[in-house]
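**Q** For reference, the structure I am asking about is given below.
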Amino acid sequence: MPVITLTTDFGTRDWFVGSMKGVILGLNPAAGIVDLTHEVPPGDIRSGAWALAAGCRDFPAGSIHVAVVDPGVGGARQAIAVRTARYRFIGPDNGLLALALRQEQVREVRRLTNQALFRLPLSRTFHGRDLFAPVAARLSAGLAFGRLGPPTKHYVELDFPEPRTARGVLEGAVVYLDRFGNALTNLSAQWLAGWELAACRVWVRGRVPCPFGESYGAVPEGKPVAVLGSTGRLEIALNRGSAAEALGIRVGDRVTIRRANRRVERGRGRPVVVRRGRRDGDLTF
Amino acid sequence: MPVITLTTDFGTRDWFVGSMKGVILGLNPAAGIVDLTHEVPPGDIRSGAWALAAGCRDFPAGSIHVAVVDPGVGGARQAIAVRTARYRFIGPDNGLLALALRQEQVREVRRLTNQALFRLPLSRTFHGRDLFAPVAARLSAGLAFGRLGPPTKHYVELDFPEPRTARGVLEGAVVYLDRFGNALTNLSAQWLAGWELAACRVWVRGRVPCPFGESYGAVPEGKPVAVLGSTGRLEIALNRGSAAEALGIRVGDRVTIRRANRRVERGRGRPVVVRRGRRDGDLTF
Amino acid sequence: MPVITLTTDFGTRDWFVGSMKGVILGLNPAAGIVDLTHEVPPGDIRSGAWALAAGCRDFPAGSIHVAVVDPGVGGARQAIAVRTARYRFIGPDNGLLALALRQEQVREVRRLTNQALFRLPLSRTFHGRDLFAPVAARLSAGLAFGRLGPPTKHYVELDFPEPRTARGVLEGAVVYLDRFGNALTNLSAQWLAGWELAACRVWVRGRVPCPFGESYGAVPEGKPVAVLGSTGRLEIALNRGSAAEALGIRVGDRVTIRRANRRVERGRGRPVVVRRGRRDGDLTF
């Protein structure tokens, strides 16, 4: 029996998540349901996409990932299901699934138009309960993917900052701040390949230097450190503290990596290239 | 195996909910447990009653709904179980179950007095763990309802504002603000029957007009809209925003529906009837 | 199939808890997982230890308790598993398990060094997912405890305030403030044995008197009361309110019990002994 995961912006103070689970269990009493998170900021598709992409990979093949951050519910946006080599994803077609799908091998996309699968009457404000939950429940109970609706080639992509390299500098951006105040970047393994990290230095906003470390404890308490985080991405952290708070980091902040050299070592707090007059904007996406 | 749902004001930062689940699983290892919500404001029986009533309906018949918002724990209040056509409800007899029971066909009410069913020694401060959880677990494992304790005809009702109609105006009230800032009213389907909603206008506090819409997106972003929400009730929302915040809505605020006419259209921001001197108080519950 | 409980400081807004569950279900699809709490303040080993100790006892024998509050993750701290008469505990060896273990009969302690059991490559920042979750999953699926790694005699203890008695006064401390503002103390059953509580008076910080009560409702609304809480410990509460807020109670505050007598009764608000010049410091730990 495949696991159904839920990623929403519904919070936990209302009954919305419970209602989704009630509908699922009504259709498949043996369903196993796991919360990925329900604390996506209301309507924040980008945060939801990131949480889904980061969390879905740790589930066994066959899992059904349901994501509902759906400010356009009841309007013109489509509802889709995507079958990949490992998983099935279900959600509104508003970009919410896009980051997760970049990591997977997409096999099949279908529009959820088969009303016979829904909880009827379909509300105009709560497709989490009336559309996505019952579809997930039926899939988990064995419904064939092809029954969901007509195939389509397209789904809505999400504009997401890509790292850039130029003149020996790798530049990325902060894409997520977690509960601990760690700042996760878009500098993932494939971008970091070939960089001797131990011989490099990381800069936040071109001004705050962070040494590389193998773990948070590689620097004294209260000091910033750049580590390879558990999502395989470069992460700015503070040993026993919040990097986001201590360094004032925000989503979108620029993070650059360059080989450490003597001039950088002397000019602590400001990378050499900036002094030479190269505009920061060159690398900004 | 029936689902057991939990609705409490215990929050999730302490171990209280975990303890309830531990007790349940100790008595019925196969129990399926679903959280409806644990974020009912501490001691707020009215909010808990609403969440339970709104969420319980989406669960399959046979489910056991446990609710614990219990400021009088350990005192004179009774503990009860109620069997309805579809569900069983368990909780303190302080009004917490009352709204849910209005939607169900009550078949049998029993006082939970059978100490043999409890976790002993019974604490005076945590009947969620010591009384309600074990009773729910035993019911889910097949215990006959009649074993719970003596039958009773009565349970504590909850004073809840009822809509009123007068002079072609339907007047209700805001009864719940959800995470998204949507303002749910007590104007449910049976009250709205016969009203041509598309030809009506909704007013919040007699002053803020809201057009009807079929979904949040029926109005431009940032604009208020009255929709039929997923609980079948009239709901004041804001497209891509929080109506509660933008309009300063509070629980108890008056919400009126009247046929839109030319004079109303001209007098935007203030309904005609109010100008004619009819006192708002006439319809206030 | 034993229950796996999770106690962490991961919060619920990120995907961390979901990732742990995904890993567990990948290794043991039949695992039952229960959240004790994920709202331990980040890095607060003491709070995590308390929550684990308070909550774990309500689970059936055989349960596997996983706790991860792990500011030293990826550094020199050991990872351990402890088998007791009733349970198995898994977590970092930083004191987090210590309070729970004081209540149990420890049978066997092992260091988690068997890499074949981990999710590889082992990250340096998320042993909850990569080490503790897979070990718990494998244990729940039947792995022999001895396979986890080499035995050890030692685990890190936690400095925890012990009550003291002197001159007919029992002195403890506030050790936890719960969601309701109840102040739980370290005055547990074995310390209270022999004290006629009904004939005593409780003082918070030597200044605020609280009568004993059998339940919160033993005093008028808004009044403080000392009750025997559900963890078997003395607890300072407020009937229908927050004692922590109303009385400004903090963790570490001194709580004393002494026999009530006439002089105390007259001198309400300040215990007699303090007036006689005995220094409060005498009993402070």
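The values are calculated or read from the model by the stated rules, or taken from the named source; none is laboratory data. Just so it is clear, the structure is predicted and the values come from calculations on it, not from any experiment. Methodologically, a virtual Cβ is constructed for each residue, glycine included, from the backbone with ideal geometry; neighbour enumeration extends over all protein chains shown. Quick note on the areas: whole protein, heavy atoms, side chains included, nothing else; ligands and nucleic acids left out. Shrake-Rupley method; radii C 1.70, N 1.55, O 1.52, S 1.80 Å.
**Q** Cα centroid distance between the stretch C:145-173 and the stretch A:159-180, in Å?
**A** Computed from Cα coordinates, the inter-centre distance equals 46 Å.
**Q** Can I ask one more? Please compute, over every Cα-Cα pair in the stretch B:67-220, the percentage with a separation greater than 26 angstrom. Present the calculation step by step, with values, prior to reporting the outcome.
**A** Details: 5276 of 11781 pairs.
Here the tail beyond 26 Å accounts for 45 percent of pairs.
**Q** Can I ask one more? Work out from phi, with θ = phi - 60° and the Karplus expression 6.51 cos²θ - 1.76 cosθ + 1.60, the ³J(HN,Hα) of each residue of the stretch B:213-222, listed in order in whole Hz, and give x for Gly and Pro.
**A** Running phi through 6.51 cos²θ - 1.76 cosθ + 1.60 with θ = phi - 60° gives x, 7, 8, 4, x, 6, 10, x, 4, x Hz.
**Q** Please compute the net charge surrounding A:Ile90, taking Lys and Arg as +1 and Asp and Glu as -1 over other residues with Cβ under 12 Å from its Cβ. Mind showing how you got there, number by number?
**A** Values: positive: A:Arg83, A:Arg88, A:Arg110, A:Arg111, A:Arg138; negative: A:Asp70, A:Asp93.
Result for the local shell: +3.
**Q** Another question, if that's okay. Roll a 1.4 Å probe over the protein heavy atoms and report the accessible area of A:Ser140 in Å², nearest 10.
**A** 10
**Q** Note the distances from C:Gly62 to each other copy's matching label point, with points 7 Å along the Cα-to-beta-carbon direction, in nm, sorted shortest first.
**A** Here the equivalent label points are 2.3, 2.3 nm apart from this one.
**Q** Follow-up. What Rg and what Dmax come out for the stretch A:109-186 when only alpha-carbon atoms are used, in angstroms?
**A** 19.8, 59
**Q** OK, next. Once you have the Kirkwood Rh of the stretch B:64-103 from its Cα pairs, apply Stokes-Einstein at 4 °C and 1.567 mPa s and quote D in µm²/s. Please list the in-between numbers first.
**A** Working: Rh = 10.4 Å.
My calculation gives 124 µm²/s for D.
**Q** If you don't mind, there's one more thing I want to ask. Averaging over every viewing direction, what projected area does the convex hull of the Cα atoms of the stretch C:204-243 cover, in nm²? Mind dumping the intermediate values first?
**A** Numbers: hull surface 11.0 nm².
Average projection, Cα convex hull of the stretch C:204-243: 2.7 nm².
**Q** Search the structure for amide H atoms under 5 Å from the amide H of C:Asp253, placed 1.01 Å from N in the peptide plane, and list their residues when 5 or more places away or on another chain.
**A** Under 5 Å from the amide H of C:Asp253: C:Val174.
**Q** Per Stokes-Einstein, at 37 °C and 0.692 mPa s, what whole-number D in µm² s⁻¹ belongs to the stretch C:187-265, with the Kirkwood radius over Cα pairs as the hydrodynamic radius?
**A** Approximately 258 µm²/s, per Stokes-Einstein.
**Q** Still on this structure: Please list, by residue number, every one of the trypsin sites (Lys or Arg not before Pro) in the stretch A:1-85 that is coil in DSSP and has at most 13 other beta-carbon atoms within 10 Å. Show your work: numbers first, answer last.
**A** Details: sites: A:Arg13, A:Lys21, A:Arg46, A:Arg57, A:Arg77, A:Arg83; in loops: A:Arg13, A:Arg57, A:Arg77.
Counting only loop positions with at most 13 other Cβ atoms within 10 Å, none of the trypsin sites (Lys or Arg not before Pro) in the stretch A:1-85 qualifies.
**Q** What are the residues whose amide H is under 5 Å from the amide H of C:His65, where those residues sit 5 or more places off or on another chain and H is modelled from the backbone?
**A** Placed amide hydrogens put C:Thr5, C:Arg88, C:Phe89, C:Ile90 under 5 Å from C:His65.
**Q** Moving to a separate point now. Name the residues whose placed amide hydrogens come within less than 5 Å of the amide hydrogen of B:Val202, ignoring near sequence neighbours (fewer than 5 apart) on the same chain.
**A** Amide H to amide H, under 5 Å and 5 or more residues apart or across chains, B:Val202 pairs with B:Cys210, B:Phe212.
**Q** Just to be sure I understand: chains A and C are related by a rotation, so which residue of A has its Cβ closest to that axis, and how close in Å?
**A** Closest Cβ on chain A to the axis mapping it onto C, in Å: A:Thr12, 4.
**Q** Could you give the Stokes-Einstein D for chain B in µm² per second, using the C-alpha Kirkwood radius, 20 °C, 1.002 mPa s?
**A** Values: Rh = 20.5 Å.
The estimated diffusion coefficient comes to 105 µm²/s.
**Q** Compute the Cα gyration tensor for the stretch B:1-86, then decide on rounded, prolate or oblate, letting a ≥ b ≥ c be the square roots of its eigenvalues: rounded whenever a/c is under 1.5, prolate when a/b is larger than b/c in the other cases, and oblate in all that remain. Can you show the working numbers first?
**A** Values: a/c = 1.44, a/b = 1.17, b/c = 1.23.
Rounded, because the longest to shortest axis ratio a/c is under 1.5.
**Q** Right, another one. With the label 7 angstrom out along Cα to Cβ, how close does C:Ala141 come to the same site in each of the other copies, in nm, nearest first?
**A** 2.9, 2.9
**Q** Let me ask you something else. To one decimal place, what orientation-averaged projected area in nm² is obtained for the convex hull of the Cα set of the stretch C:45-146? Let's see the in-between values first.
**A** Numbers: hull surface 23.7 nm².
Averaging across all directions leaves 5.9 nm² for the Cα convex hull.
**Q** Rounded to whole Å, give me the distance from the Cα center of the stretch B:6-53 to that of the stretch A:14-87.
**A** Result: 22 Å between the Cα centres.
**Q** While we're on this one: Which distances in nm, rounded to one decimal and ordered from shortest, link the label point of C:Gln190 to the equivalent label points in the other identical copies, with labels set 7 Å from Cα toward Cβ?
**A** Ordered by distance, the counterparts are at 5.9, 5.9 nm.
**Q** With the calculation restricted to Cα positions, what are the radius of gyration and Dmax of the protein assembly as shown in angstrom?
**A** 29.1, 87
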